[in-house]
Each structure stands twice: as C-alpha cells, then as structure tokens.
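Worksheet: one structure, shown below.
The values are calculated or read from the model by the stated rules, or taken from the named source; none is laboratory data. Since this is a predicted model, take the numbers as computed values, not measurements. Glycine also receives a Cβ, built like all others from the backbone with ideal geometry; neighbour counts cover every protein chain displayed. These area figures cover heavy atoms from the full protein model, side chains too; ligands, DNA and RNA do not enter into them. Shrake-Rupley method; radii C 1.70, N 1.55, O 1.52, S 1.80 Å.
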Amino acid sequence: MGILRRNLTAYGFLCAALFCFAVFAWYPMVREFVLSFQKTDLINPPEWVGLDNFKAAVADPAFGEAWLNTVEFTVLALLCGYAVPFVVALVLNELRHARAYLRFVVYLPVMLPPIVAVLLFRWFYDPGPGLFNQVLDFFHLPTLAWLDSSSTALISLVLVSTWMNMGSATLIYLAALQNIPPELYEAAELDGAGILKRVRHVTIPQTKLILLLMLMLQIVATMQVFIEPYMLTGGGPENATVSVAYLMYQFAFSQMNYGQAGALGMMLMLALLVFAAFQLRTTREDQA
C-alpha cells in the first residue's frame, strides 16, 4: 500500500497518457479496422461486406500509382532527408562557435506549422514570381515547372518534406554524436585517420542504433505522406504525386466511401507493421 501511495502521482500521469493514446490512437485504429469490412455513410446502420472494400480499393485505377509514388517518395526522402540531417549534425558537432544559434536555425522549420511551410514553398515553386525560378533566371538557367510537371513534382515534394522535418533528426543525431567518447577520436587521430575514416570507423559504429531507429521512423513517416500532395499538387499532375494517404482521403471525403478508405488504411498499416517487425528483428540480431 505504501508503494502504491508513493507512486500515485506517476500512475496519474500514466493514466492521462494512456487515455490520450486510447482516444486519439488506439480507438481510431480499431474503428478503421471495423470500417474496412463495412459499407457505411456514418449516418445509416452499417452493412457488413466482408472483403469487398479491399477488392474495390485494389481495383481502383489509382491504386498502383499511389503505391509506386509512395515508395518512390520514400526512397527519395531517404536519399535527402536521411543523409542530410546526419551530415549537418556532423558539421554542427565540429563547430566551436555559434553552435546554439545554428541549432536554432536548423530546428526553426520544425516549429513552423506544416501548413505555413507548405504555403511558403508554394510561393518558392511559383512558375512566375517564385523564388526558385527567379534564382535560375538570375544565373541564365532555364526555369522549371516545379509542381506542374510530372518529372519534377515528386522531387519538389521531397524537398519540402526534407526542409520541414530535418531539424528534429539533426538534433537527435547531434545528441548521439556528443555522447561518443572523445578518446575514440583521439586514438583514431593518433593512428593517422582523417575525417572520413573517423566518421566511417568511429562515428557510424557508435551511432548505429540511432541510425537504424531513425531509418525505421523516417520510412514509417514518409510512407504516410499526405499534407504535401494535398496542399501543393492535389495528387497531380497526371496522378504523379498521388500517395496512399492521399488516395485514402479521396476515397473517404471525395467519394464518401469510408469502408474503402479504411481498407486501404489497413493495407498501409499492415505494410508498415511488417517492415517495422523486420527492422526490429534485424536490429536485435545485429546486437546479439
């Protein structure tokens, strides 16, 4: 009884957190699972339809394109948004002056509401007075139809996502770098190792767990990309930026087919669960 009384405050905070998770995370997932097997307009009593919603979702003309676009977005985001924050963290870790100020500058985009960041880039990408085309024109280079061409629209969204989210990853990497014992770098320098060899043989092995964790988190996040195609391209041009999450939105709020949207959401969740389980198992085996 004494232990329970001493920990009462902690249990109170825990209950509040569990309540938030239950209401805003677990209940929606359970509700989505149920909806995926129903035909409903959320007003009249639902009708159980079995796997019909899954069959209809797969048969949709945009289904294959949405998955291909999502996978391509994830791969491009890994090339930019996974490597760039790590390199920035390495540079910040080597600085001796203005480190706090630069940390703030790097993290600033994360503090902006996503809608503000997206609208900012909409102006950057404007084919007329947009900043990027103005810069290209200043250097006498051909301007680009950033969001209006199927060849550049997806990479344009990747740049927006990278700029919006790299601050958090950079600070996490920087914290991991600052926990590496300096004696390891000193020993590597005595052995004649340059900066690239120190990164390869000291930094990366010492931050391997963080790198693997961030890899998993970034893939899970980028596979659910929604706000960038929703606000910047509307899935176009020619379905070049339709993502799985955006197609779910179309099913639910354009076609009013909540069951089909739930079925597609369950497919996405299952794919991410399989990947996460594989990633965690691989990481555990590496540590064994």
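Observations on the structure shown:
- Accessible area (Å², 1.4 Å probe, nearest 10) - residue 99: 60 Å²
- GNM top mover of 43, 195, 172 - the chain, alpha-carbon springs below 10 Å: 43
- For residue 146, the accessible surface of its heavy atoms amounts to roughly 40 Å² (probe 1.4 Å, protein chains only, rounded to the nearest 10).
- Put simply, the C-alpha atoms of the chain give a gyration tensor, and the ellipsoid matching it has half-axes of 37, 31, 19 Å, longest first.
- Accessible-area order (highest first, 1.4 angstrom probe) of the listed residues 52, 126, 191: 191, 52, 126
- The rule of thumb for compact globular proteins, 2.2 N^0.38 Å, goes into the C-alpha radius of gyration of the range 84-140 1.50 times.
- Modelled label positions at residue 280 and residue 191, each set 7 Å beyond Cα in the direction of Cβ, lie 3.5 nm from each other.
- Simple label model, 7 Å out from Cα along Cβ direction - residue 168 to residue 44, nm: 4.1 nm
- Dipole of the range 11-99, positive end: most advanced residue of 93, 48, 23 [Cβ charges, Cα centre]: 93
- Amide H contacts for residue 62 (H built 1.01 Å from N in the peptide plane; partners 5 or more residues away or on another chain; cut-off under 5 Å): none found.
- Each residue of the range 8-20 was assigned a 3J(HN,Hα) from its phi angle through the Karplus curve 6.51 cos²θ - 1.76 cosθ + 1.60 (θ = phi - 60°); the sequence is 4, 5, 4, 5, x, 5, 5, 4, 4, 5, 4, 4, 4 Hz, with glycine and proline shown as x.
- Our summary gives the chain a relative contact order of 29 percent, counting only alpha carbon pairs under 8 angstrom and 6 or more residues apart.
- Whole-Hz ³J(HN,Hα) from phi, Karplus 6.51 cos²θ - 1.76 cosθ + 1.60, for the range 181-198, glycine and proline x: x, x, 4, 5, 5, 5, 5, 5, 5, 5, 7, x, 6, x, 5, 5, 5, 5
- Per residue, the chain exposes an accessible area of 60 Å² to a 1.4 Å probe, with every protein chain left in place.
- Dipole magnitude (debye, nearest 20) for the range 1-136, charges at Cβ of Lys, Arg, Asp, Glu: 880 debye
- For 118, 106, 30, 23, the ranking by accessible surface with the largest value first comes to 30, 23, 106, 118, using a 1.4 Å probe.
- Overall shape of the range 1-137 was characterised from the C-alpha gyration tensor. The equivalent ellipsoid obtained from it has semi-axes of 39, 34, 16 Å, in decreasing order.
- Extended-chain gain in nm, criterion 0.36 nm per residue less alpha-carbon gap, residue 93 and residue 68: 5.3 nm
- Taking every alpha-carbon pair in the range 1-41 and binning the separations at 5 Å intervals from zero gives 5, 21, 15, 14, 11, 10, 8, 6, 5, 3, 1 percent.
- With both labels modelled 7 Å from their Cα along Cα-to-Cβ, the residue 269 to residue 136 distance reads 4.1 nm.
- GNM on the chain, alpha-carbon springs under 10 angstrom: the most fluctuating residue among 236, 50, 192 is 192.
- With coordinates expressed along the principal axes, the C-alpha atoms belonging to the range 192-288 extend over 63, 30, 16 Å, beginning with the largest.
- Residues with amide H under 5 Å from that of residue 38, placed H, sequence gap 5 or more: 49
- Computed magnitude of the charge dipole of the range 170-279 (debye, nearest 20; Cβ of K, R +1, Cβ of D, E -1): 140 debye
- Of 185, 240, 265, farthest towards positive along the dipole that unit charges on Lys, Arg, Asp, Glu beta carbons give the range 172-288: 265
- Within the chain: Cβ-based charge dipole about Cα centre, in debye rounded to nearest 20 (Lys, Arg +1; Asp, Glu -1): 1000 debye
- For residue 55, the lysines whose Cα falls under 26 Å of its own Cα, not counting residues fewer than eight places away in the same chain, are 39.
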